[in-house]
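Undergrad: Okay, here's the structure, questions in a sec.
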Amino acid sequence: MDGNGRWAKERGLSRQAGHRAGTENIRRIINYLGERGVPYLTLYAFSTENWVRPRPEVRALMQLVARVIKREIKELHERGVRLVHLGRLDNVAPSLRRQVLDAIDLTKGNTEMTVAVAFDYGGRAELVDAVRRIIADGLSPDKVDEETISSYLYTAGMPDPDLVIRTAGEMRLSNFLIWQAAYAEYYSTPTYWPDFGSENMEEALRAYAGRERRFGGLGLD
Ligand code: IPE
Ligand code: MG
């Protein structure tokens, strides 16, 4: 969800206002994908690298997360959305941590759609966490295969993403699901996240539908 800052700057608004506008968009996108029957959506909300931003911005982002959960959780739950968190929570304030865990607990039985929020998430940190737990569990080296590693990631039990969308024109993965997105189709759009509406999402899905996925094979069938 990139481009909140640039969206705000173009309008002479604060970066915080841009982030706020970005959160307004989340519900639209979840609703649209829910209607389209997309079973999994992951939102990259805050990376392990985002902590280096100026303190007031980090604080504002944390407050926004808290506010969005508070504002949206009831409707999400009613819509049958299961919330999942990807990332670490140990650097997050205890009250926010509690709030996230409560939201996960409340929605854990829902089956309509899974919305994963990557928050204090980094793909490399995720692999480090996985390796540590594999070692702590005492697995012997010959027992470790790709499936084992997948099952130790934050995304355990979730399918790998088919499509990764990046808004605001950047052409980088930025430490996002680096293991899981190995064969994902990549889609980049210049549209800033606050402006990325259902028409833009539809366009991304259409582009995805037109891709030929070969997974390393020749795809000649
Ligand atoms: C993305 O918007 C939101 C977060 C990283 C939390 P940015 O804040 O990166 O917006 P730009 O890149 O400055 O436009
Ligand atoms: Mg950015």
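Undergrad: Could you pull out every residue, at least 5 positions away or on a different chain, whose amide H is within less than 5 Å of the one on Ala116? Hs are placed 1.01 Å off N in the peptide plane, and Pro or chain starts have none.
TA: Long-range HN contacts for Ala116: Leu41, Thr42, Leu43, Val84.
Undergrad: Of the options Thr191, Leu173, Met158, report the single residue whose Cα projects farthest towards the positive end of the charge dipole of the chain (beta-carbon charges: Lys, Arg +1; Asp, Glu -1).
TA: My answer, from the dipole projection, is Thr191.
Undergrad: Sticking with this structure for a sec: Setting aside same-chain residues fewer than 8 positions from Lys108, which lysines have a Cα under 26 Å from its Cα?
TA: Lys70, Lys74
Undergrad: Read phi for every residue in the stretch 167-176 and hand back ³J(HN,Hα) as whole Hz from Karplus 6.51 cos²θ - 1.76 cosθ + 1.60, θ = phi - 60°, with x for Gly and Pro.
TA: 8, 6, x, 6, 10, 10, 8, 6, 6, 9
Undergrad: About the Cα centre of the stretch 77-197, how large is the charge dipole given +1 on each Lys and Arg Cβ and -1 on each Asp and Glu Cβ? Please answer in debye to the nearest 20.
TA: Dipole size: approximately 360 debye.
Undergrad: Which of the GluC sites (Glu not before Pro) found in the stretch 162-221 are in a DSSP loop and have at most 11 neighbouring Cβ atoms, other than their own, within 10 Å?
TA: Glu212
Undergrad: Hey, another quick one. Looking only at Cα atoms, what is the convex hull volume of the stretch 107-191 per residue, in Å³? Mind showing how you got there, number by number?
TA: Working: hull volume 11.1 nm³, N = 85.
In the stretch 107-191, the Cα convex hull volume per residue is 131 Å³.
Undergrad: If you place +1 on the Cβ of every Lys and Arg and -1 on the Cβ of every Asp and Glu, how big does the dipole about the Cα centre of the stretch 4-209 come out, in debye to the nearest 20? Each step should come with its number before you reach the end.
TA: Details: 28 positive and 28 negative charges, 223 e Å.
Its charge dipole is roughly 1060 debye.
Undergrad: How large is ³J(HN,Hα), in whole Hz, for each residue of the stretch 110-121 in order, when computed from phi with the Karplus curve 6.51 cos²θ - 1.76 cosθ + 1.60 and θ = phi - 60°, using x for Gly and Pro?
TA: Each residue of the stretch 110-121 in turn: 6, 10, 5, 7, 9, 10, 9, 10, 7, 9, 6, 10 Hz.
Undergrad: Say the dipole of the chain comes from +1 at the beta carbon of Lys and Arg and -1 at that of Asp and Glu; which of Gly217, Ala125, Ile69 then lies farthest toward its positive end?
TA: Ile69
Undergrad: Sorted from largest to smallest, which semi-axis lengths in Å does the alpha carbon gyration tensor of the chain give for its equivalent ellipsoid, taking the root of 5 times each eigenvalue?
TA: 27, 23, 18
Undergrad: I've got another one for you. Taking 7 Å along the Cα-to-C-beta vector as the label spot, tell me the Leu127-Glu203 distance in nanometres, rounded to one decimal.
TA: Result: 3.3 nm between the two label points.
Undergrad: Right, next: Considering amide H positions built from the backbone, and no H for Pro or chain starts, which residues 5 or more places from Leu163, or on another chain, come under 5 Å of its amide H?
TA: Glu185
Undergrad: Take the Cα atoms of the stretch 1-106, find their three principal axes, and give me the spread along each one in whole Å, biggest first.
TA: 37, 31, 21
Undergrad: Applying the Karplus parametrisation 6.51 cos²θ - 1.76 cosθ + 1.60 with θ = phi - 60° to the phi angles of the stretch 23-34, what ³J(HN,Hα) value in whole Hz is obtained for each residue in order, glycine and proline being reported as x?
TA: Result, ordered by residue: 5, 4, 6, 4, 4, 3, 5, 4, 4, 4, 5, x Hz.
Undergrad: Build a GNM of the chain with springs between Cα atoms under 10 Å: which of Leu76, Leu139, Leu43 gets the top mean-square fluctuation?
TA: Evaluated over the chain, the most mobile residue of the options is Leu139.
Undergrad: Given charges of +1 on the Cβ of Lys and Arg and -1 on the Cβ of Asp and Glu, with all other atoms neutral, how large is the dipole of the stretch 137-211 about its Cα centre, in debye to the nearest 20?
TA: In debye, rounded to 20, the stretch 137-211 gives about 200.
Undergrad: Shifting gears a bit: For Arg28 and Ala182, what does the FRET efficiency come to when R0 = 25 Å and r is the distance between their Cβ atoms, rounded to the nearest 0.05?
TA: The value I calculate is 0.30.
Undergrad: Note down the nm distance, to one decimal, between modelled labels 7 Å out along Cα→Cβ at Leu163 and at Arg97.
TA: It is 3.7 nm.
Undergrad: Extending each Cα 7 Å along its Cβ direction at Arg214 and Ser174, get the distance between those two points in nm, one decimal.
TA: Roughly 3.0 nm, to one decimal.
Any read-out appearing in this document is the output of simple, stated calculations on the displayed coordinates, not a laboratory observation. Just so we're clear, the structure is a prediction, and the values are computed from it rather than from any experiment. Cβ: placed from backbone, ideal geometry, glycine included. Neighbour counts: every protein chain shown.
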